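Worksheet: the structure to be examined is printed underneath.
The values are calculated or read from the model by the stated rules, or taken from the named source; none is laboratory data. Remember, it's a predicted structure, so these values are computed and weren't measured experimentally. Reconstructed Cβ throughout: ideal geometry from the backbone, glycine too, with neighbour counts over all protein chains shown. The protein model used for the area step is the full one, side chains on, heavy atoms only, and it has no ligands, DNA or RNA in it. Shrake-Rupley method; radii C 1.70, N 1.55, O 1.52, S 1.80 Å.
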Amino acid sequence: MLDIIPLKKAFLDELNSITNLSELQQLRVKYLGKKGLVTSKLKTLSTVSPELRPAYGRAVNEVKDYIEEEVKKRGSLLKKEEHKKRILSEAIDMTLPGKFTPFGREHPINKVLYEIIDIFISMGFEVEEGPEVEFDYYNFEALNMPKDHPARDMQDTFYISEDIILRTHTSPVQIRVMEKRRPPLKIIAPGKVYRCDVDISHTPMFHQVEGFMVDTDIAFSDLKWVLESFIHSIFSVETPVRFRPSFFPFTEPSAEVDIGCTFCAGKGCRVCKNTGWLEILGAGMIDPRVFEMVGYNPELYTGFAFGMGVERVTMLKYSIDDIRLFFENDMRFLKQF
Amino acid sequence: MRVPFEWLREFVDISASPEEVAERLTMVGFEVEAMESVKDDTVFEVNVTPNRPDCLSILGIAREVSVAFRVPLKIHVCEIKGELPLSDFSVEIFNHELCSRYAGRVIKDVRISDSPEWIKTRLEKCGIRAINSVVDITNYVLLEFGHPLHAFDADTINGKKIKVGMPDTVLLQTPNSKLQTKIKTLDGVEREILGDSLLIWDAENPIAVAGVMGGLETEVNDSTANVFLESAYFEPFSIRRTSKRLNLISESSYRFERGADIEFLEKALNRAALMIREIAGGTIYEIIDVYPVRYVPEPIKIRYDRINRILGTEISNADMLKILKKLGITTEDKGDFFIVYPSAYRRDIKRDSDVAEEIARSYGYDRIPSRIPRSPLSSGKLDKKMMNIIRIREAMRKSGFTEVINYSFMSPSSLDVIAVPQADRRRNVIVINNPLRQDESLLRTTLIPALIGNFKYNLDRGIRDIRFFEISSVFEDIGRPLPLEELRLGGIFYRDKTPSLWKEDVEGFFITKGAIESMFEELKINEYSFSSSSELFLHKGQASDIYVRGAYAGYLGVLGPEIVERLDLKKQRPEIVVFELNLDLLLTLIPDSIKYNEIPRYPYVERDIAIIVDESLSASEIKEIIRTFPSELIEEVSVFDSYRGSNIPEGKKSLAFNIRYRAKDRTLTDDEVEELHASLVEHILEKTGGELRR
């Protein structure tokens, strides 16, 4: 029985010098393995005299439990230390950049174009499209601009032939739609348009959204509501809006719509030429001549139409001062939107 | 139209500031686009719309101001006293339909000199150069009253005869004359006049292009003693046609083509004659006035309620008439309706909507209420095509491609640069007759040249990772009046190979291909294939045509070395990948709806196979062999390795596939899969002539 005590002591000595889990495992095997020191003591139990056997057995088992317990305790301690070490050794420089393919950007024109479309869709408008290369008839004549009409000077036209042109506005879609459908109509027509003109505020190609509404009881006051709602939605509810008389051959009465200058908040600056106002759209009541051209009875139907330049809206929205930026496609510009 | 404020005040006695006047003019439809301080005056730059030629004058603008500010309009009295009878001048109009009134006066014994300062100053403010007193006075009256006048040196008019007509007509009616149709105009240019352009002739020759510009021969200069002053009305369309043809726009033609005031022209003539007598002396002779087609106002019948229906207002009948009266428009009340008699200077008023505009303008657009349309509710919605375009744009952006928009134009050399064969569809170009620049003279038939341009522009500015896409139409002449407009999706990829922290071994080709495939996935387009392309501008070994459900949809590939060399990029063998897809086709192949498939309930079993095959055999061919193997248990096949190099014989490569087996209704047993896989392997080896890699 006496040989149990030094065994325990020897174990404790050895345990103290253990530095890692595999040494601990070896130590455990040395004492508690099949041929371990403690196990072999249990195997010799039968050689102990019967009167001493229960006490000796108890003592050996106590040591066994003790060692088991100590190994376990030490094991979890060592494990903790090892994790700690590993974590330390695996530390990374978290300030290195993350790895990803950045999403591409929407072109600002399309971004705003879809915003415009969304707003009108929310008001119940449908979207229609038409060809970019168009008959003179749809672009001009059916819109009350016969050949030799001075109003044609308002739009510098690219010609393919005498009768075929690059559309100068998306208004021909108005004619195409009215030719094939009957009122009520609530349509917008977005798309590319072309005019032979280039400077800081003009490019030979730009985008327009034409819109129109035709029914038996549409008035100028409806036009005002729709456009005011639109402007308040695309800019802000505080944006001042004003309608002033103007002229378009295909609308009568006609209006130009201004918003309070977005650059100077209406105080007056270079951009708004000190007026505090910026023109944003053209609009009006569809001219009865246009209805006659598509076979609608102008006594029965009234309607309004409007048209806006998407570049213009985008420039005002983001304070961009040169329209040509849109078509240079400089990544440093595009990635800002 | 430039309007000096002090001149304006000669017609209307107002105390308002220039700013206030500008604001009011803008709000009644005459936008003051700019205000300029000139000496001690303010000059307005007024945008006069084409429908209001009456306001291309100080008087016209003053009339609007007088209405807006409710002050009377003062017009000069232009009565001539002491005129002498005229016996030796005659006027004949050959084409009444183009000239319905022609008036003139002879003023004899004038002494031509410089104009007095006050005339010069006013002309200058309006942007007109002073010449001599008589010419300046005609310009002065043009600006003041808006009616164009012309002064001839009366002694240069052969036969003291004025004829107004087109060469065709004049020739027909004076058969024996040797009429010439060439005229040297005041700007010194000799011009050939077409047979249906209106001219002013003397007994022998054309002496002016009617309403556009006078002739040099009959010009009034310092030695002129006797003047013939013309004041006429020419038909707008005729003047416009002539001015367009001659590419000659003058202050006169600008007004005549918009419409002059046929009634007022006599007053303008008298005003100028009086001014000439006062400044240059001389004797005024009595008026010659040939007025074959008298102006008769076309009465317009309008219902009062119609006006309110157009405007959405509740303006009373009396108020409507009051507004129109203020505007100088004659009306007659008939109970439910009224009649409008437009004056000769308001020929733009033709129907009820025109009258509605006049009323609205004066009433104030700001006073018209905003009203929610009473039209029935409708569901606004994007059509499928547009929704799918949005999905495509999103898919491209998620793959890192940024959207660009380029002009629809291209240069005639663009197609040569990308080696498009002569017989290719892309050569069926639409040509613009009047391009701004020669290199923008065609409508593009491919998006690629512009995308290469975008790439180079950005590379030159230090951008090292370039991924662009564009969705735009291309245009092809197909022998019909209008070209075929086809919607395309094009893109370009380039990434600098300079070392970076995060290495990626995948080639640009596969990144771009991956972008296209993930877009197909997003659109639920699953039957597509890539096969080698014959596009000449692409790298022969790195270019595929793309087929979707068996139809050619476009191509993808690396730019060929010759093309890249021409771009002069100063980069070692850059890998630039481009693609172009026919979206119109693709959009028709997107399934309309999604139907749910049951999620498999039983587990799968995986097996790999690596085989060594000829270089020429493509992964997709082998995949196809596996896919068509007659077993319903093959669920999925994917390539996970492609290798050539050590251990692989020359001319061969190793391809490895992962095959996933699954049954819908039970758990597969190992034996079952073993047997199936073995026969599949055998099948592949037989079909490819390859061998297993061990």
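A few remarks follow.
- When the charge dipole of segment A:121-280 is built from unit charges on Cβ atoms (+1 for Lys and Arg, -1 for Asp and Glu) and taken about the Cα centre, the candidate among A:Tyr137, A:His169, A:Thr275 whose Cα reaches farthest toward its positive end is A:Thr275.
- Cα point-scatterer Debye curve for segment A:108-334, base-10 log of I(q)/I(0) at q = 0.12, 0.15 Å⁻¹: -0.65, -1.03
- Computed over neighbours whose Cβ is under 11 Å from that of B:Phe94, the net charge equals -2, Lys and Arg +1, Asp and Glu -1.
- Antiparallel DSSP beta bridges within the protein assembly as shown, as percent of all bridges there, nearest 5: 95
- Measure of compaction for segment B:90-290 (Cα Rg per 2.2 N^0.38 Å): 0.95
- Working from Cα pairs under 8 Å separated by at least six residues, relative contact order for chain B is 9 percent.
- Sequence-separation-based contact order of segment A:142-247, relative, with Cα cut under 8 Å and 6+ spacing, percent: 20
- Förster-model FRET efficiency, 41 Å R0, A:Ser40 and B:Glu606, C-beta, rounded to 0.05: 0.25
- C-alpha center-to-center spacing [segment B:29-97, segment B:207-271] in angstrom: 15
- Segment B:90-290, relative contact order [Cα under 8 Å, separation at least 6], %: 35
- Model label points for A:Glu62 and B:Phe69, set 7 angstrom from Cα along the Cα-to-Cβ axis, are 12.1 nm apart.
- Volume of the Cα convex hull of segment B:547-590, divided per residue and given in Å³: 85
- Principal-axis analysis of the Cα atoms of chain B puts helix B:236-246 at an angle of about 70° to the longest axis.
- Over segment B:2-69 - Rg/Rh using Cα atoms and the Kirkwood inverse-distance radius: 0.91
- Simple point charges give the picture: +1 on the Cβ of Lys and Arg, -1 on the Cβ of Asp and Glu, and for the protein assembly as shown a dipole about the Cα centre of about 3760 debye.
- Estimated at 0.36 nm per residue, the fully extended path between B:Lys161 and B:Thr283 surpasses their Cα-Cα distance by 41.9 nm.
- Pairs of Cα atoms farther than 21 Å apart, segment A:4-89, %: 36
- Highest-fluctuation residue, A:Asn274, A:Asn144, A:Asn16 considered, GNM on chain A with Cα pairs under 10 Å: A:Asn16
- Computed over protein heavy atoms with a 1.4 Å probe, the accessible surface of segment B:605-692 works out to 60 Å² per residue.
- Amide H contacts of A:Phe158 (H built 1.01 Å from N, in plane; Pro and chain starts excluded): A:Leu166, A:Cys196 sit under 5 Å, all sequence-distant by 5 or more or on other chains.
- Listed by chain and number, the lysines placed with their C-alpha closer than 19 angstrom to that of A:Lys72 are A:Lys8, A:Lys9, A:Lys30, A:Lys34, A:Lys64, A:Lys80, A:Lys84; residues fewer than eight positions away on the same chain are left out.
- The calculated FRET efficiency for the pair A:Leu7 and B:Thr667, based on their C-beta separation and a Förster distance of 45 Å, comes to about 0.25.
- Cross-link table A:Lys267/B:Lys125; B:Lys456/B:Lys497; B:Lys120/B:Lys184; B:Lys384/B:Lys524, entries beyond 19 Å C-alpha to C-alpha: A:Lys267/B:Lys125; B:Lys120/B:Lys184
- Average beta carbon contacts from partner chains per residue of A:181-192, 10 Å cutoff: 2
- Probe 1.4 Å, protein heavy atoms only - accessible area per residue of segment B:117-217 in square angstrom: 41
- Summarising the label geometry, the points placed 7 Å from Cα in the beta-carbon direction at A:Glu90 and B:Ile372 lie 6.1 nm from one another.
- Cα-based reach from B:Lys108 at 17 Å (exclusive), listing lysines while leaving out same-chain residues under 8 positions away: B:Lys81, B:Lys160, B:Lys161
- Backbone HN-Hα couplings from phi across segment A:3-17 [Karplus 6.51/-1.76/1.60, Hz, Gly and Pro as x]: 6, 6, 4, x, 4, 4, 5, 4, 4, 4, 4, 5, 4, 5, 8
- Put simply, chains B and A cover up around 7800 Å² of each other's accessible surface, both sides summed, when a 1.4 Å probe is used.
- Top of A:Ile231, A:Ile323, A:Ile160 by mean-square fluctuation, Gaussian network on chain A, Cα under 10 Å: A:Ile160
- B:Lys497/B:Ile463 FRET efficiency (R0 22 Å; Cβ-Cβ; nearest 0.05): 0.90
- Directionally averaged projected area (the protein assembly as shown, Cα convex hull): 66.2 nm².
- One quarter of the convex hull surface built on the alpha carbon atoms of chain B amounts to 48.3 nm², the projected area averaged over directions.
- Peptide A:107-113 has a mean shielding of 3, counted as Cβ atoms of other protein chains within 10 Å of each residue's Cβ.
- Rounded to 10°, Cα long-axis angle of helix B:133-145 versus longest principal axis of chain B: 70
- Taking a sphere under 9 Å around the Cβ of B:Val577 and counting the other residues whose Cβ falls inside, with K and R at +1 and D and E at -1, yields a net charge of -1.
- Qualifying GluC sites (Glu not before Pro) in segment B:620-694, DSSP loop, other Cβ atoms within 10 Å at most 16: B:Glu632, B:Glu650
- Antiparallel bridge percentage (DSSP; both residues within segment B:90-290; nearest 5): 90
- Theoretical ellipticity at 222 nm over chain A - DSSP helices of four or more residues, -39500 (n - 2.57) apiece, nearest 500: -12000 deg cm²/dmol
- Cut-off under 5 Å, modelled amide H: who pairs with B:Ile93 long-range: B:Val164
- Among the residues of B:431-438, the average count of other protein chain beta-carbon atoms within 10 Å of the residue beta-carbon is 5.
- Count Lys and Arg as plus one, Asp and Glu as minus one, and take only other residues whose Cβ is under 13 Å from that of B:Gly380; the net charge is then -2.
- When chain A is treated as a Gaussian network with alpha carbon springs shorter than 10 Å, the biggest mean-square fluctuation among A:Leu316, A:Leu37, A:Leu223 belongs to A:Leu37.
- Note on A:Phe135: accessible area is roughly 70 Å² with a 1.4 Å probe, heavy atoms of protein only.
- In sequence order, segment A:286-297 has phi-based couplings of 4, 5, x, 4, 5, 4, 4, 4, 9, x, 8, 7 Hz under the Karplus curve 6.51 cos²θ - 1.76 cosθ + 1.60, θ = phi - 60°, and Gly or Pro positions carry x.
- Here segment B:51-200 is treated as a Stokes sphere of Kirkwood radius computed over C-alpha pairs; at 25 °C and 0.890 mPa s its diffusion coefficient rounds to 132 µm²/s.
- Charged side chains reduced to their Cβ positions (Lys and Arg at +1, Asp and Glu at -1) give chain B a dipole of some 860 debye around its Cα centre.
- Between the helical axis of A:21-32 and the longest alpha-carbon principal axis of chain A there is an angle of about 30 degrees.
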